[in-house]
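K.L.:
Mind having a look at this structure? Questions to follow.
The values are calculated or read from the model by the stated rules, or taken from the named source; none is laboratory data. The structure displayed is predicted, hence computed values, not measured ones. No Cβ is skipped: glycine too gets one built from the backbone with ideal geometry, and neighbour counts run over all protein chains shown.
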Amino acid sequence: MTLERPKKNPWNTESTKQVYDNQWISVREDKVINPAGGDGIYGVVHFKNLAIGILPLDKDNHTWLVGQYRYALEEYSWEIPMGGSPHNDSPLEGAKRELREETGLTADTWTNFMKVHPSNSVTDEIGYIYLATDLTMGPTEHEDTEELLIRRVPIEEAINMVMTDEITDCMSVAALLKLSMGLQKGDIVV
């Protein structure tokens, strides 16, 4: 079943001004007329890269998680391997690069697994998540901004970490829950 989506934009943008810009994001403030006809402002964060996530799966039904301290949250986070890829690059090539850099893994088989909008109320960020299988281990290539722990875990453990709020990153949650449903229904076979 597909739900119908209205095509008309109920918002009217009267003006736009950029209020912040760096190499990763820009922030703009729009003067708007909201759907009810009232005046207002809307702040939008524009991401200069695509969000790329990878769900690596081996023949023993294990995946790899990356642990790191997330500065903005001031918390440690367990996640699927992920990173950014320029909009003009292939998301798949970005996924291959991020998997190798963060975990040392390369994959012979890649499946476009899902598309997500991580925070669609205030950002235009688009995320692509790939399923990576037929894995080979190699050296990592961490960036100088990364202090990562890599952990190979059974898929069931990773899914349980979602259910107990040990994994809270939205791309990781979405990918692991979709994988769980696909495994239960038999749509995904490792």
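K.L.:
Can you find even one residue in the range 41-60 that is without any contact (Cβ under 8 Å) to a residue 24 or more places away in the chain and not assigned by TED's automatic domain parsing to the domain that holds Arg151?
P.N.:
The answer is yes, given that some residue of the range 41-60 is without any contact (Cβ under 8 Å) to a residue 24 or more places away in the chain and not assigned by TED's automatic domain parsing to the domain that holds Arg151.
K.L.:
Would you tally the residues in the range 163-186 being farther than 16 Å from Gly53 by Cα and of a type in the set (A, V, I, L, M)?
P.N.:
First, the residues of the range 163-186 that are farther than 16 Å from Gly53 by Cα: 163-166, 180-186.
Okay, now just the ones that are also of a type in the set (A, V, I, L, M), so 163, 181, 183.
Looking only at that region, the number is 3.
K.L.:
Exactly one condition in (1) surrounded by 15 or more Cβ atoms within 10 Å (Cβ to Cβ); (2) at pLDDT 95 or above is not met by Gln68; state its number.
P.N.:
Going through (1) surrounded by 15 or more Cβ atoms within 10 Å (Cβ to Cβ); (2) at pLDDT 95 or above one by one, Gln68 breaks only (2).
K.L.:
Considering the range 99-132 alone, what residues qualify as being over 19 Å from Phe47 (Cα atoms) and of a type in the set (Ser, Thr, Tyr)?
P.N.:
Selection gives Thr103, Thr106, Thr109, Thr111, Tyr130.
K.L.:
Turning to a different aspect of this structure: Look at Ile129 and say whether it is of a type in the set (Val, Ile, Thr) and either outside the structural domain of Trp78 (by TED's automatic domain parsing) or closer than 21 Å to Lys96 by Cβ (or both). Step through it out loud before you land on a result.
P.N.:
Values: of a type in the set (Val, Ile, Thr): yes; either outside the structural domain of Trp78 (by TED's automatic domain parsing) or closer than 21 Å to Lys96 by Cβ (or both): yes.
In short, yes.
K.L.:
To continue, here is another question. Tell me yes or no: at least one residue of the range 62-76 is within 15 Å of the chain's Cα centre (by Cα) and more than 14 Å from Ser172 (Cβ to Cβ).
P.N.:
No: zero hits.
K.L.:
Are any of the residues in the range 22-34 in contact with a Lys or Arg (Cβ under 6 Å, 6 or more places away or on another chain) and of a type in the set (A, V, I, L, M, F, W, C)?
P.N.:
Of the range 22-34, the ones in contact with a Lys or Arg (Cβ under 6 Å, 6 or more places away or on another chain) are 24, 29.
Applying the additional criterion that residues be of a type in the set (A, V, I, L, M, F, W, C) yields 24.
Checked the range 22-34: at least one residue is in contact with a Lys or Arg (Cβ under 6 Å, 6 or more places away or on another chain) and of a type in the set (A, V, I, L, M, F, W, C).
K.L.:
Mind checking which strands (runs of 3 or more DSSP E) fall wholly inside the range 78-190 and carry at least 2 residues that are in contact with a helix residue (DSSP H, G or I) (Cβ under 8 Å, 6 or more places away or on another chain) and without any contact (Cβ under 8 Å) to a residue 60 or more places away in the chain?
P.N.:
Details: elements: 82-86, 105-116, 127-137, 149-154.
Answer list for the range 78-190: 82-86, 105-116.
K.L.:
For the range 15-41, which residues satisfy the criterion of being surrounded by 14 or more Cβ atoms within 10 Å (Cβ to Cβ) and among the acidic types (Asp, Glu)?
P.N.:
Taking the range 15-41 and keeping what is surrounded by 14 or more Cβ atoms within 10 Å (Cβ to Cβ), we get 25-33.
Scanning the range 15-41 gives Glu29, Asp30.
K.L.:
Also, quick follow-up: Can you go through Asp30, Asp58 and tell me which one is modelled with pLDDT of 95 or more and either assigned to a strand (DSSP E or B) or more than 22 Å from Thr133 (Cβ to Cβ) (or both)?
P.N.:
Being modelled with pLDDT of 95 or more and either assigned to a strand (DSSP E or B) or more than 22 Å from Thr133 (Cβ to Cβ) (or both) holds for just one of Asp30, Asp58, which is Asp30.
Condition check ((1) outside any loop (DSSP other than H, G, I, E, B); (2) among the hydrophobic types (A, V, I, L, M, F, W, C)) across all residues:
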| position | (1), (2) |
| --- | --- |
| Thr2 | no, no |
| Arg5 | no, no |
| Thr13 | yes, no |
| Gln18 | yes, no |
| Pro35 | no, no |
| His46 | yes, no |
| Leu50 | yes, yes |
